[in-house]
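Asker: One structure is given below, represented as C-alpha cells, and several questions about it will come after.
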Amino acid sequence: MSVATNEKTWEPVIVAFCCNWCSYAGGDLAGTSRMSYAPNVRVIRVPCSSRVSPNFILRAFQQGADGVIVAGCHPGDCHYISGNYYTRRRLMVLRSLLQYMGIEPERFQAYWISASEGQRFSLVMDKVTEDIRALGPNRKLRDAR
Amino acid sequence: MKPLTEKIRRVAAEALAQKDIELVIGWQKGDFWWQSPPLFIDNTDAIEKLIWDPLCVANLSKYLLEELKSKKKVALFVKGCDSLAINRLLQDKRIERDRVVLYGLPCNGMVDRDKIEMKNTGNIDRVEWDGNELVMVGEEEHRQLLENCLYDKCYSCRYPNPVLFDQLLDEEVTQRDTARDRFKRVEELEKLTYDERFTHWSHHFDRCIRCFACRNVCPACNCKDCLFEQAEPRWLGKATEPSENQFYHIIRAYHVAGRCIDCGECQRVCPMDIPLQDINRKIIKEINELFGEYDAGIDPNEPAPLITYQTDDPVGFPES
C-alpha cells in the first residue's frame, strides 16, 4: 500500500476487520440502503472478530494504516456463540498495551455492529475517519522503507 | 551455605540411583567465577561438579522440553521463580508432572555480576553467602553487602519459596517488602504522554538485535513452532528496521499475556538491556484490573485469563 503522507494530499487510511456474520452484513445493509460512509475505510472480511490476531493489527499499522477498526457481533450474538467474548478480552488487553507503547487510543477501536445496523455501520466508519483525520497521519509502528 | 551444596550433591546421587531418573539438572561453576551455568548429569562421576551459590540464577525448567523427549524421568533443582515456570509448562501441557522430580531451593535473591565490585578482586575460586554479605573467596577474601548486588527482578520477587516441589532442601525464606512495588515503574510510564511513551520504547527497541534470547529463555514461550520463525506468512522480516523490532516486542509480550509468571528472565538475558519486564508487567497489571487478580504459575488447573471469558466482562471500549 503506498501512502501519501504529504500533509496537503493526505487522506486517512483505515483498515476495518469486519466479522462475516454481523458487521460485514451491516456494511452490506448500509450499501443496499444507499447510505454513504467515508471512502477511507478498507473493509477486510474475517469469519469472526476473534479471527483477528494482533499480528493483523500491527501489520496494518506497519504497512500504512492510520487507524484500525475491529467490528464484530454484539456480545451474546456471536454466530459461533462465544467468539466475540474472547475478542473482547483480548482486544481490551491489546489496546491498553498499544496505548502503553504510545499509540493513541483512537488509532485502534473496536465496535459491535449487527447485521441490521446499516446506519450504525456508516456512522461508525465516519466517526473513526474523523477521529483519525483530527489526529493526522500515523508514523508510529510504520515501516519506513 | 556449603552444607547445602553437599546436600544437593547427596540428593542428586540418590536421584540418579533411582531406576527411572535418567538425568539430573543442576548448576556448575563456569569458565569464569561469575558464571554458574547449568549442569546435566547422567552418572554419579560428575556429581562433584554440582554447586549452589549466589550466581545460580539460570532457570533450569525449560530444558525439560528437550530432555523429556528422550529421558524417562528428569530431576532438577528449582528456585521460587523456577517452580512457577514448571507450573507454566504443566498448564500448557508441555510436560507431565510424574516424569519430573523437583528439589525446591528457597532463594533470597541471586547476585547480578554487573553489580559486583570487580576491581582488584584477582582470581576468585568460589562465591558464597555469609549472612547478609556476599563473600568472594580467592587469594584474598572480598565482601560486599548482598542487598546492593541482587538482580533487579529479585527485589520484587513475590515467590522466594518454591510453590511446587517434591522435596524442599532448605528452610523457607520470607518475601521482601519491596515485592509490593512491582508495578511502580509501569505507573511511572503510564504518566507519560503517548508521544513520550513511543519515544521511550523506540529508544529501547531500536537497540534490539533480535537475538531472541528473551523468547528462548521464557517458560511461557514454549510453542513448538514459533510465529517469528514462520516462513509463510512471514510475520517478522529480517531487515534491521525499527518497525520490525516494535512488531516483535509487542507481539512477544502479547503472546505471553495472562501466562507470564513475571520471573524477569527475559530482561535478565537481554544483551541490550531492554526493560522487557516493564511491558509484561503492564499486561499483568491490566489483566488484574480488568478481569480480577490472577497469578500465573500458581494453579496449573485454573484457565489463563485470555483463554476464558465472562459474559459480564467490562466492555473496555468506551466508544463501542
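Coordinate-derived values only; no laboratory data. This is a predicted model, so every value here is computed, not measured. Here the Cβ positions follow ideal geometry from the backbone for every residue, glycine too, while neighbour counts run over all protein chains shown.
Asker: Any chance you could give the angle, 0 to 90 degrees and rounded to 10, that helix B:276-291 forms with the longest Cα principal axis of chain B?
Answerer: The two axes meet at around 60 degrees.
Asker: Same structure again: Suppose the chain between B:Gln18 and B:Ile298 were pulled fully straight at 0.36 nm per residue; how much longer would it get relative to their current alpha carbon spacing?
Answerer: 97.9 nm
Asker: Here is a follow-up. Run the paramagnetic zone check for B:Met118: 7 angstrom along Cα to Cβ, then residues of the stretch B:265-308 with backbone nitrogen under 20 Å.
Answerer: What the label zone holds, given the 20 Å backbone N cut-off, is B:267-274.
Asker: Now a separate question. With unit charges on the beta carbons (Lys and Arg positive, Asp and Glu negative) and the dipole taken about the Cα centre of the protein assembly as shown, which residue among B:Pro37, B:Cys208, B:Pro160 sits farthest to the positive side?
Answerer: Result: B:Cys208, furthest along the dipole toward the positive end.
Asker: Assign unit charges at the C-beta atoms only (+1 for Lys and Arg, -1 for Asp and Glu), then state the dipole size of the stretch B:210-308 relative to its Cα centre in Debye, rounded to the nearest 20.
Answerer: Around 340 debye, computed over the stretch B:210-308.
Asker: Compute the angle between helix B:80-91 and the longest alpha-carbon principal axis of chain B, please, reported from 0 to 90 degrees and rounded to the nearest 10.
Answerer: So the helix axis and the longest Cα principal axis differ by about 60 degrees.
Asker: For a 26 Å ceiling on Cα separation, which of these pairs sit above it: B:Lys72/B:Lys93; B:Lys29/B:Lys238; B:Lys7/B:Lys29; A:Lys140/B:Lys224?
Answerer: In this structure, B:Lys29/B:Lys238; A:Lys140/B:Lys224 exceed 26 Å between Cα atoms.
Asker: Remind me, what semi-axes does the stretch B:50-107 give for its equivalent ellipsoid, largest first in whole Å, using sqrt of 5 times each Cα gyration tensor eigenvalue? Spell out each step's value before the answer.
Answerer: Working: eigenvalues 76, 32, 18 Å².
Computed over the stretch B:50-107, the values are 20, 13, 9 Å.
Asker: Under the Kirkwood approximation for Rh and a Cα-based Rg, what ratio Rg/Rh is obtained for the stretch B:132-171?
Answerer: Result: Rg/Rh = 1.11.
Asker: Quick check on packing: order B:215-224, B:131-140, B:241-250, B:53-62 by the mean number of other C-beta atoms within 10 Å, highest mean leading. Display every interim value, and only then the final one.
Answerer: On the way: B:215-224: 19.2, B:131-140: 14.3, B:241-250: 20.9, B:53-62: 23.0.
Result, highest mean Cβ count within 10 Å first: B:53-62, B:241-250, B:215-224, B:131-140.
Asker: Using just the C-alpha positions of chain B as equal point scatterers, what log10 of I(q)/I(0) does the Debye formula give at each q in 0.09 1/Å?
Answerer: For the requested q values the scattering log ratios are -0.51.
Asker: Oh, and also: Roughly what angle does helix B:242-255 make with the longest principal axis of chain B, taking Cα atoms, 0 to 90 degrees, to the nearest 10?
Answerer: Tilt relative to chain B: about 70 degrees.
Asker: Do you know the relative contact order of chain A, to the nearest whole percent, from alpha carbon pairs under 8 angstrom that are 6+ apart?
Answerer: 36 percent
Asker: Between A:Leu135 and B:Leu192, what FRET efficiency comes out of the Förster formula 1/(1 + (r/R0)^6) with R0 = 22 Å and r the beta carbon distance, rounded to 0.05? Kindly include the intermediate steps, with their values, before the conclusion.
Answerer: Values: r = 18 Å, r/R0 = 0.80.
Here the calculated transfer efficiency is 0.80.
Asker: Right, next: When all alpha-carbon pairs of the stretch B:45-177 are counted, what percent fall beyond 20 Å?
Answerer: 51 percent
Asker: Among the Cys residues of chain B, which have no other cysteine Cβ under 4.7 angstrom away?
Answerer: Here B:Cys56, B:Cys107, B:Cys149, B:Cys154, B:Cys157, B:Cys208, B:Cys211, B:Cys223, B:Cys226, B:Cys260, B:Cys270 come out as lacking a disulfide-compatible partner, given the Cβ-Cβ threshold of under 4.7 Å.
Asker: Given the options A:Pro137, B:Cys221, B:Phe291, identify the residue whose Cα lies farthest towards the positive end of the charge dipole of the protein assembly as shown (+1 on Cβ of Lys, Arg; -1 on Cβ of Asp, Glu).
Answerer: Result: A:Pro137, furthest along the dipole toward the positive end.
Asker: Determine which aspartates and glutamates satisfy two conditions relative to B:Lys153: a Cα distance under 12 Å, and not lying fewer than 8 residues away in the same chain.
Answerer: Excluding near neighbours in sequence, the set is B:Asp112, B:Asp181, B:Asp262, B:Glu265, B:Asp278.
Asker: In debye, nearest 20: dipole of chain B around its Cα centre with unit charges on the Cβ of K, R (+) and D, E (-)?
Answerer: 700 debye
Asker: Other chains near B:243-250: what is the mean number of their Cβ atoms within 10 Å of each residue's Cβ?
Answerer: Across B:243-250, the average partner-chain Cβ count within 10 Å equals 6.
Asker: Rounded to the nearest 20 Debye, what is the dipole magnitude of the protein assembly as shown about its Cα centre when Lys and Arg each give +1 and Asp and Glu each give -1 at the C-beta?
Answerer: 1440 debye
Asker: Of the options A:Ser50, A:Val15, A:Gln62, report the single residue whose Cα projects farthest towards the positive end of the charge dipole of the stretch A:1-76 (beta-carbon charges: Lys, Arg +1; Asp, Glu -1).
Answerer: It is A:Ser50.
Asker: In units of 2.2 N^0.38 Å, what is the alpha-carbon radius of gyration of the protein assembly as shown?
Answerer: Cα-based Rg divided by the globular estimate yields 1.13.
Asker: At 18 Å minimum axial length over the Cα atoms and a Kyte-Doolittle cut of -1.0, report the qualifying DSSP H helices in chain A, or say none. Each step should come with its number before you reach the end.
Answerer: Values: long enough: A:83-100 (26 Å, -0.53); A:118-135 (26 Å, -0.10).
Those that clear 18 Å and a mean of -1.0 are A:83-100, A:118-135.
Asker: For the stretch B:293-307, just list the computed ³J(HN,Hα) in residue order, Karplus coefficients 6.51, -1.76 and 1.60, θ = phi - 60°, integers in Hz, with x standing in for Gly and Pro.
Answerer: 4, 9, 10, 5, x, 9, 10, x, 9, 7, x, 5, x, 8, 10
Asker: Related question: Across peptide B:189-198, how many C-beta atoms of other chains are within 10 Å of each residue C-beta, on average?
Answerer: Partner-chain Cβ atoms within 10 Å, mean over residues of B:189-198: 4.
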